[in-house]
Amino acid sequence: MNTTDKPLHFLEQIIEKDLADGRFSSICTRFPPEPNGFLHVGHAKSICLNFGLAERFNGRCNLRFDDTNPEKEEQVYVDAIKADVRWLGFQWADDVRYASDYFDAFYEWALHLIRAGNAYVCELSAEKASEYRGWATRPGKDSPYRSRTVEENLDLFERMRAGEFDEGASVLRAKIDMTSPNMNMRDPILYRIRKQSHHQTGDKWCIYPSYDFAHGQEDAIEGVTHSICTLEFQDHKPLYDWLIENLPVPCKPRQYEFARLNLSYTVTSKRKLKQLVDQRVVSGWDDPRMPTISGMRRRGYTPSAIRQFCDMIGVTRSDGMVDVAMLEHAIRDDLNENAARAMAVLDPLKVVITNLPEGEVQEVIAAVHPNRPERGQRVLPFTREIFIDRSDFTEDTTLSRKKFKRLVLGEWVRLRNAYVIRADEVVKDESGTITEVRATLVPGTLGEKPSAEIRPRGVIHWVSAIHGRQAELRIYDRLFTHEVPDRGEDDFVTCVNSDSLRVVQAWIELSLTDAVAEQCFQFEREGYFVADRYDYTAQKPVFNLTISLKDTWKK
């Protein structure tokens, strides 16, 4: 079954053995997000794993929303999650599924547990229930309501469903073992009263199953063969198995755990990400600084790069910290191979080429991508007035060529894809700031080497001051300055990088006005940029910095 030379990770080994042993004729996995926020980079790993296993072993993967808590769930999250999965390049089997599709079955199975003496209605307050539950080093004790008869429990549970009780007045609990060393087995809650309208079922229900009660039963209904989740659910596995064994489910799936993605300089708690949104630290869930899939998409990260990153970090059974530089490497590698080239000047300084007549426009030809000739060429208008970056010019003639490989007063430099020019003089304003450089081009150097006595210091980029266009560039950086921002010592918000966004007005080459939203470019010598998904127009171009050309965070 393994079609590559890469060693199989432990889940692939399990599936390959199950198929070889005839335990299953085909596999079924599932991706089960809760629609209470946008998906983040950790979910991307789970998506790639679950859908990837289904692809590799010719199985199927369901997209299922575990929508058991209407208080925190919204349709906007459902829509965003579906878009994220598709954008990453995956397609779920059949229709989208919801836990709420099975609420009627769950209710009948709750009745089944009550009739079997395995569940009871408990009226302890939340505070008292916590006290009775005990602690990791101290066993719990039975609820005073644990000994109710089956008839009493059936009656009370029906009345819970009918809406006779207030929220928090009662819950349905499994009757397992209050002395178990596993806290999840100490009579866990199966149903709560939630008088909330549900985004799928409306007001049909006022009681909702707990995630633990619903999850395994959803897997069983859907015929999931390998229920794959992260390590924090390892202690929940005995409850998963207990419910499967004590309910008349159509099949018996197995749960397997893998290490979640912990990424440096990143927070992936949906609660904390929502806090950033609610406190307006960021502009929204899809802010390009956010580690959400929609944020990474708007930043210019590509599906292929994210999938490559997930493949690079592998699948293990033990938690660890992944350096965010690995993700950034995958992004740079992908964009270097695929992003079109263009020129943009972020801090413009005008250069007037005095030996080029006013009004003359020469068409300079440049490659769309230097290593992919099949992608064609682009035309750059070359005019008497151009912009270069202010940092690419100096009057200091003492700087060595090794230290400054750009334009120096009295010396030459090559303009990218164009002529060699020499800086002859500068024009300054009253404060002494240079406002203009006057230069001459060296004839015959368009695409040709100059004579031996002319030695350009280097190559710089430029944009026509006549035919270029102004654009808004949003310069993004890492959102957090600390490697582990939610380490617990301080409020993670105190680690927010105050310089994570700068907005500059730049000059771009004319061809960039033909870009389309989400198109990626390498702005030569500046970085990788993407046309903003929502704000870019030809009349008002807006580009987001995806990532710098080199790692600027290296220690």
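The values are calculated or read from the model by the stated rules, or taken from the named source; none is laboratory data. Small disclaimer: the values here were computed from a predicted structure and weren't measured. Here Cβ is always computed from backbone atoms with ideal geometry, including for glycine, and neighbour counts include all displayed protein chains.
Okay, here's what the table says:
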item	result
Whichever residue in segment 284-295 is more than 13 Å from ALA83 (Cα to Cα) and in contact (Cβ under 8 Å) with a residue 40 or more places away in the chain and, among such residues, is nearest to the chain's Cα centre (by Cα)	PRO291
Of the criteria (1) free of Cβ contacts under 8 Å to residues at least 60 places away in the same chain; (2) crowded, with 17+ Cβ neighbours inside 10 Å; (3) within 23 Å of ALA339 (Cβ to Cβ), which one THR513 fails	(2)
Unmet criterion (only one of (1) surrounded by 15 or more Cβ atoms within 10 Å (Cβ to Cβ); (2) farther than 20 Å from ASP212 by Cα) for SER46	(2)
In segment 54-79, the residues that are surrounded by fewer than 21 Cβ atoms within 10 Å (Cβ to Cβ) and either of a type in the set (A, V, I, L, M) or in a helix (DSSP H, G or I) (or both)	GLU55, ARG56, GLN75, VAL76, VAL78, ASP79
Tabulated pairs, segment 169-183, first in the same structural domain as ARG133 (by TED's automatic domain parsing), second among the acidic types (Asp, Glu) and buried (at least 19 other Cβ atoms within 10 Å of the Cβ), C-beta under 8 angstrom, 6+ apart or interchain	ARG173/ASP187; ALA174/ASP187; LYS175/ASP187; ILE176/ASP187; ASP177/ASP187; MET178/ASP187
Elements of type strands (runs of 3 or more DSSP E) contained in segment 404-484, each with 2 or more residues being more than 37 Å from the chain's Cα centre (by Cα)	412-415, 420-428, 434-441
Some residue of segment 173-185 being surrounded by 18 or more Cβ atoms within 10 Å (Cβ to Cβ), charged (D, E, K, R), over 27 Å from PRO33 (Cβ atoms) and modelled with pLDDT of 95 or more	yes
For ALA538: the one exception among (1) touching a helix residue (DSSP H, G or I) at 6+ places or on another chain (Cβ under 9 Å); (2) without any contact (Cβ under 8 Å) to a residue 40 or more places away in the chain; (3) in a strand (DSSP E or B)	(3)
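Conditions tested, residue by residue: (1) under 17 Å from PHE393 (Cα atoms); (2) among the aliphatic types (A, V, I, L, M); (3) assigned by TED's automatic domain parsing to the domain that holds ASP429; (4) in contact with a helix residue (DSSP H, G or I) (Cβ under 9 Å, 6 or more places away or on another chain).
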| site | (1), (2), (3), (4) |
| --- | --- |
| ASP311 | no, no, no, yes |
| VAL322 | no, yes, no, yes |
| ALA325 | no, yes, no, no |
| ALA330 | no, yes, no, yes |
| GLU337 | no, no, no, no |
| LEU356 | no, yes, yes, no |
